[in-house]
1. I'm trying to understand the selection: among the residues of the range 1-51, which are among the hydroxyl-bearing types (S, T, Y) and touching a residue at least 60 places away in the same chain (Cβ under 8 Å)?
2. Give the residue that is surrounded by the most Cβ atoms within 10 Å (Cβ to Cβ), with candidates limited to residues of the range 86-103 that are touching a residue at least 24 places away in the same chain (Cβ under 8 Å) and assigned to a loop (DSSP other than H, G, I, E, B).
3. Among the residues of the range 104-124, count how many are in contact (Cβ under 8 Å) with a residue 60 or more places away in the chain and either acidic (D, E) or surrounded by fewer than 21 Cβ atoms within 10 Å (Cβ to Cβ) (or both).
4. Kindly provide the set of residues from the range 46-57 that are part of a loop (DSSP other than H, G, I, E, B) and either buried (at least 22 other Cβ atoms within 10 Å of the Cβ) or out of contact with any helix residue (DSSP H, G or I) (no Cβ under 8 Å at 6 or more places or on another chain) (or both), ordered by number.
5. When you check L206 against the structure, is it in the same structural domain as A152 (by TED's automatic domain parsing) and either under 25 Å from I148 (Cβ atoms) or in a helix (DSSP H, G or I) (or both), yes or no?
6. Considering only the range 143-165, I want to know if a residue exists there that is assigned to a helix (DSSP H, G or I) and of a type in the set (D, E, K, R).
7. Quick check on this structure: which one of D172, D132, D199, D216 is under 20 Å from F7 (Cα atoms), surrounded by fewer than 23 Cβ atoms within 10 Å (Cβ to Cβ) and among the acidic types (D, E)?
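The values are calculated or read from the model by the stated rules, or taken from the named source; none is laboratory data. Worth saying up front: this structure is predicted, and the values here are computed from it rather than measured. Cβ coordinates were reconstructed from backbone atoms using ideal geometry, including for glycine residues, and neighbour counts include every protein chain displayed.
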Amino acid sequence: MSLPPLFDRLRLPVIASPLFIISTPDLVIAQCKAGIVGSFPALNARPAGVLDEWLARITEELAQHDRDHPDSPAAPFAVNQIVHRSNDRLETDLMVCAKWKVPIVITSLGARVDLNDAVHSWGGITLHDVIDDRFARKAVEKGADGLIAVAAGAGGHAGTLSPFALVREIRDWFDGPLILSGAIANGASVLAAQAMGADLAYIGSLFIAATEANADAAYKQGIVDGRAADIVYSNLFTGVHGNYLRGSIVAAGLDPDALPEGDLKTMDFGTGAGKTKAWRDIWGSGQGIGAVHAVEPTADMVARLTGEYANAIAALRTRAGLG
């Protein structure tokens, strides 16, 4: 099965993952103009009425870009909806997405038939986060158009399965859009994701260090300075296992090597104040940050990824004896 036509505008087979707190219109617009899917969590727009303003700005600025650059139109954008019961904004935010006919909706922490039907009613598509084959099958049964396989090493709420195992199990029965997430931060890894059977790569942690990202300067520097060994996997902070920067855990006065178990009841997507919270104080990150060497504009990041991707294709052809 080929990808839906809306992906034809991509200049690199990449979706930038929605980063809680960090992804705002500045980052999304820069990502789309650079030729990759930009995305943000609906909950980043606070208070709820701000979501309408954000979608108006993104839609209008990308349309203007297309008018000014007909030979290199912007890639589509996506909005992430948290389906978990703690999100009391879901229904209202979906109505706003319907108003602006958001082209791609990424769903996380729950799959619902009515949500998929709603997105389809305005011509959009849904992509659902999954960490194993069981959840993948449930998502497709409930009407998801595509799957985001969140493998070991991904930033934020991540699974534990090898990408080789996870992609292969899903591809044994699913021929729809498949996106791979997990420690992808350079062009060679984008090509590797495709070689495994994924259609697109899902990149998040790299863009925390983007100039346009709404992240604390210390957080961005932590991404630049960090390596895979600096990532800690824990369910303490939200009740669901996720990957976090070791330095931020230490700064919060906790021992990253002796964290207690969390409880799913602790999951809370409010901004919070006066206490340590993920993702404000405990910083999410994937294991691929060793490839991040500087804080720089999104356009430069995507240009470098594109060059690395082309070089990886050429190198692979040589190794395979294809000239």
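1. Answer for the range 1-51, where residues must be among the hydroxyl-bearing types (S, T, Y) and touching a residue at least 60 places away in the same chain (Cβ under 8 Å): S17, S23, T24, S39.
2. Step by step, filter the range 86-103, then rank; the result is V102.
3. Here the count works out to 1.
4. Passing the criteria: R46, P47, G49.
5. Criteria met by L206.
6. no
7. One residue alone meets the criteria, D199.
One line per residue, one yes/no per condition, for (1) in a loop (DSSP other than H, G, I, E, B); (2) modelled with pLDDT under 95; (3) of a type in the set (S, T, N, Q); (4) more than 26 Å from G35 (Cα to Cα):
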| position | (1), (2), (3), (4) |
| --- | --- |
| F174 | yes, no, no, yes |
| A195 | no, no, no, no |
| A198 | yes, no, no, no |
| K220 | no, no, no, no |
